[in-house]
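Here is the structure we will look at, set down as structure tokens.
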Number of protein chains: 2
Amino acid sequence: MKVIEGGVTAAQGFEAAGIEAAIKYQNRKDMALVYSKAPCKAAGVFTSNVVKAAPVRWDREIVAHSPYVQAVVANSGIANAATGKQGYECCKQTAEQTAKLLGIAADAVLVASTGVIGSQLPIDRILAGVEKLVETKSDTTEAGTLAAEAIMTTDTISKQAAVQIEIGGRTVTIGGMCKGSGMIHPNMCTMLGFVTTDIAISKELLQEALSEDVVDTFNMISVDGDTSTNDTLVVLSNGMAGNPEVTTKNSDYDKFKEALHYINVTLAKMMAGDGEGATALFETKVVHAESKQAARTLARSVIGSSLCKAAIYGHDANFGRFLCALGYSGVNFDPDKVELYFENKDKSILIYKGGVAADYSEEEASQILASPEVRVLVDMHMGDAEATAWGCDLSYDYVKINADYRS
Amino acid sequence: MKVIEGGVTAAQGFEAAGIEAAIKYQNRKDMALVYSKAPCKAAGVFTSNVVKAAPVRWDREIVAHSPYVQAVVANSGIANAATGKQGYECCKQTAEQTAKLLGIAADAVLVASTGVIGSQLPIDRILAGVEKLVETKSDTTEAGTLAAEAIMTTDTISKQAAVQIEIGGRTVTIGGMCKGSGMIHPNMCTMLGFVTTDIAISKELLQEALSEDVVDTFNMISVDGDTSTNDTLVVLSNGMAGNPEVTTKNSDYDKFKEALHYINVTLAKMMAGDGEGATALFETKVVHAESKQAARTLARSVIGSSLCKAAIYGHDANFGRFLCALGYSGVNFDPDKVELYFENKDKSILIYKGGVAADYSEEEASQILASPEVRVLVDMHMGDAEATAWGCDLSYDYVKINADYRS
């Protein structure tokens with residue numbers, strides 16, 4: 001597997017665009033297009049929130065029932081959630097306009113929105129935006145970057161990743177972009193994610209690979225415990241790499257899944273580290289848990305704890321909070337058997353063992369917690385399962401951003 | 001039911017004290033005593049966290065197995081959690097010292113701690129503190145207040161309540177105090193709560209009344225979603241009111257339960273409103289839910305949402321966040337049927353109905369959210385059940401307090 005530059009335009013046959021459409025703000029890119037020259041198999045995972053935004057309802061239908069997908073139009077600024085019939089109609093009109101201009105079917109167009117809930121999209125500006133997107137689309141790396149920038153809301157950096165693998169003697173490329181910063185929590189976050197690949201693979205296996213991988217990547221991150229109404233992750237495969245189609249779970253499938261995992265985990269960690277107001281990526285790795293599910297639950301409980309997050313922000317080795325968050329996760333364990341370590345990329349120090357604080361240096365622990373990437377390693381000493389979750393610290397800026405998000 | 005002044009010393013036969021013992025800080029009260037001249041029936045509810053502090057383990061034994069209870073010793077500053085055998089031994093020594101000085105049995109003494117997890121209690125200072133507590137105990141209202149102050153950690157106000165009812169021609173008094181500010185979440189919070197009453201009631205009914213009432217009071221508040229290792233709520237009844245003992249669920253029992261509920265809900269709301277960094281009490285009332293459990297889950301999801309809390313702090317009528325928090329609660333419903341209202345004590349305005357924003361004034365909504373007590377009313381239009389949960393807004397100060405709690 002070779003990591004390469006780029007994002008959604010890295011794979012063969014994919015084009016992208018990112019433009020200013022003044023959806024909510026002036027002078028910032030807020031509409032993106034991803035287009036494939038060839039029809040794509042599509043797989044998707046969507047928010048588990050009962051309140052689903054209109055574009056989520058639109059896309060679920062398309063992914064489930066359309067014969068193929070060829071374009072995605074996304075906007076930032078307004079989420080098109082809690083917008084009733086008018087909101088859904090807006091998805092339809094956007095797809096129809098896009099289809100007309102690209103010469104494809106309307107049910108081959110996915111739509112996605114992120115931003116404030118409860119406002120209607122300015123449909124005229126959306127339709128004008130679609131025109132501009134189609135005019136400016138291109139297969140360059142720059143075009144992919146423009147698209148990645150256009151879907152940002154409170155994100156501070158655009159998020160892209162791409163890799164190449166060899167399958168059946170052909171080079172297969174997988175690239176992706178995502179956005180997400182606040183309202184982020186396991187079970188799909190306010191995240192939009194779009195992965196494009198030129199692999200030839202059956203729709204069933206594409207969906208299975210995505211659904212399985214999400215559990216250990218995007219569903220293992222949290223910024224603030226709020227699962228949004230708009231979470232969407234879509235993978236499009238257009239087969240243009242020319243490999244023999246992957247239709248069984250053979251070694252080619254495994255290779256693809258590994259590459260997809262790399263893209264997903266890279267994008268997921270970028271989101272966690274760019275959480276609203278974040279000053280650090282906060283990783284929790286649980287090892288030797290009784291089951292995979294227990295490991296995931298424990299890891300997510302720690303990275304989701306406001307008090308743990310605030311401790312990281314304060315560089316305060318207040319290990320009791322980490323132990324406490326494990327304790328209320330719902331997983332049963334013997335606290336006397338647990339070991340806690342604080343780690344950064346250079347160091348690992350034992351903090352808690354045998355039911356009591358280990359003999360660590362507060363200064364050294366605080367230094368570790370001041371790293372840009374902080375890891376809490378939890379050894380449960382109960383079994384063989386492990387899981388990792390990613391979040392960020394809780395800072396003044398999180399509150400600042402969210403107390404006044406709409407204005 | 002008559003609301004009266006006072007707290008744990010309001011009921012007949014109860015004494016209290018609050019003193020400085022320099023457990024962790026100088027120049028602040030940090031040890032409290034509650035003492036009953038007559039042996040008490042004891043009922044208790046304790047943290048559901050797997051990691052239970054030593055005093056929680058001690059108290060659970062006492063409440064379950066001791067023939068009676070006559071005293072409680074509590075300290076703030078250090079939680080005596082994650083302290084292994086030494087921590088438990090410390091509970092035992094504290095109880096023995098208290099018992100010796102009061103001339104009662106060691107298994108009639110409850111202990112409670114709140115503060116930093118992972119440090120050992122300074123046993124010498126604890127034992128000296130017990131001596132001072134026993135010397136200074138008194139049945140005055142002031143003594144109750146001193147005790148309520150001594151259990152505070154990051155609390156900004158001490159929390160007490162008391163009421164009187166008539167049972168069997170005798171005046172029965174119920175008083176209580178609690179502390180709790182951070183690490184507060186349903187299923188018992190980092191809260192210590194002590195309720196004293198002179199009613200004569202069977203131990204079984206006392207426990208049942210407490211266990212039932214906690215579900216709709218202390219378990220319905222949240223400050224930050226973190227369920228602590230030390231949560232303890234104890235009710236002591238010494239029978240000195242002289243009423244015929246309540247041994248069945250008759251109208252006297254109902255009357256007592258109502259009064260206990262008043263004490264619990266008053267103390268719980270005080271805790272929520274005094275959440276770390278809080279500028280407002282944030283109440284969510286869910287009506288017409290399909291079941292009581294659904295109503296509770298929905299209400300707690302809203303008051304637990306960081307984004308809803310930040311919106312209250314910012315006086316931002318970003319109603320989508322409230323809808324979103326209902327949507328990820330795990331309860332199923334039709335978003336088009338839900339109505340949302342923002343309320344304060346003077347006004348109620350419709351914000352969301354029929355799947356879309358109602359026609360409300362942003363200015364008026366923002367004014368309501370700027371009130372010291374803000375209520376979000378959620379009408380599910382699905383059934384007859386209702387529930388209320390209490391929390392607070394999320395402010396810069398929450399982060400400030402928790403990023404640097406130990407220093």
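When B:VAL163, B:VAL172, B:VAL134 are screened for being of a type outside the set (S, T, N, Q), assigned by TED's automatic domain parsing to the domain that holds B:GLN93 and more than 24 Å from the chain's Cα centre (by Cα), only B:VAL134 passes. Look at B:VAL45 and say whether it is in a strand (DSSP E or B), free of Cβ contacts under 8 Å to residues at least 60 places away in the same chain and within 22 Å of the chain's Cα centre (by Cα). Spelling it out, it is not the case that B:VAL45 is in a strand (DSSP E or B), free of Cβ contacts under 8 Å to residues at least 60 places away in the same chain and within 22 Å of the chain's Cα centre (by Cα). Scan the stretch A:41-50 and tell me whether some residue there is of a type in the set (A, V, I, L, M), crowded, with 24+ Cβ neighbours inside 10 Å, within 14 Å of another protein chain (Cβ to nearest Cβ) and within 30 Å of B:LEU298 (Cα to Cα). No, that holds for no residue. The single residue among A:LYS285, A:LYS269, A:LYS257 that is of a type in the set (D, E, K, R), at pLDDT 90 or above and closer than 18 Å to A:ALA148 by Cβ turns out to be A:LYS269. Selection within the stretch A:287-308: residues that are under 14 Å from A:ARG375 (Cβ atoms) and within 14 Å of another protein chain (Cβ to nearest Cβ). The member of this set that is nearest to the chain's Cα centre (by Cα) is A:ILE303.
For residues that are surrounded by fewer than 17 Cβ atoms within 10 Å (Cβ to Cβ) and in contact (Cβ under 8 Å) with a residue 60 or more places away in the chain, scanning just the stretch A:239-267, find the one that is nearest to A:GLY176 (Cα to Cα). Filtering the stretch A:239-267 for residues that are surrounded by fewer than 17 Cβ atoms within 10 Å (Cβ to Cβ) and in contact (Cβ under 8 Å) with a residue 60 or more places away in the chain, the one nearest to A:GLY176 (Cα to Cα) comes out as A:GLU258. When the stretch A:93-137 is limited to residues that are among the hydroxyl-bearing types (Ser, Thr, Tyr) and in contact with a Leu (Cβ under 9 Å, 6 or more places away or on another chain), the one that is farthest from the other protein chains (Cβ to nearest Cβ) turns out to be A:THR136.
The numbered conditions (1) more than 20 Å from the chain's Cα centre (by Cα); (2) of a type outside the set (Asp, Glu); (3) more than 18 Å from A:ALA128 (Cα to Cα); (4) at pLDDT 95 or above are all true for A:ALA82 except (4). Regarding the stretch A:128-137, can at least one residue be identified that is touching a residue at least 12 places away in the same chain (Cβ under 8 Å) and in contact with a Phe, Trp or Tyr (Cβ under 7 Å, 6 or more places away or on another chain)? Yes, the stretch A:128-137 has at least one match. Exactly one of these conditions fails for B:ALA209: (1) touching a Leu at 6+ places or on another chain (Cβ under 9 Å); (2) over 23 Å from B:ALA387 (Cα atoms); (3) at pLDDT 95 or above; (4) crowded, with 22+ Cβ neighbours inside 10 Å. Give me its number. Here B:ALA209 clears every test but (2). Looking across the stretch A:349-406 at every residue that is at the interface with chain B (Cβ under 10 Å from one of its Cβ atoms) and among the acidic types (Asp, Glu), the one that is surrounded by the fewest Cβ atoms within 10 Å (Cβ to Cβ) is identified as A:GLU362.
Which count do you get for residues in the stretch B:21-35 that are in a loop (DSSP other than H, G, I, E, B) and in contact (Cβ under 8 Å) with a residue 60 or more places away in the chain? Number of matching residues: 6. When residues of the stretch B:214-238 are filtered for being surrounded by fewer than 24 Cβ atoms within 10 Å (Cβ to Cβ) and modelled with pLDDT of 95 or more, how many remain? Number of matching residues: 1.
Can you confirm whether A:ASP346 is of a type in the set (D, E, K, R), more than 22 Å from B:ALA403 (Cβ to Cβ) and within 8 Å of chain B (Cβ to nearest Cβ)? When the stated conditions are applied, A:ASP346 does not pass them.
The values are calculated or read from the model by the stated rules, or taken from the named source; none is laboratory data. Bear in mind the structure is a predicted one, so any value in this text is a computation, not a measurement. So basically every Cβ, Gly included, is an ideal-geometry build from the backbone, and we count neighbours across all protein chains shown.
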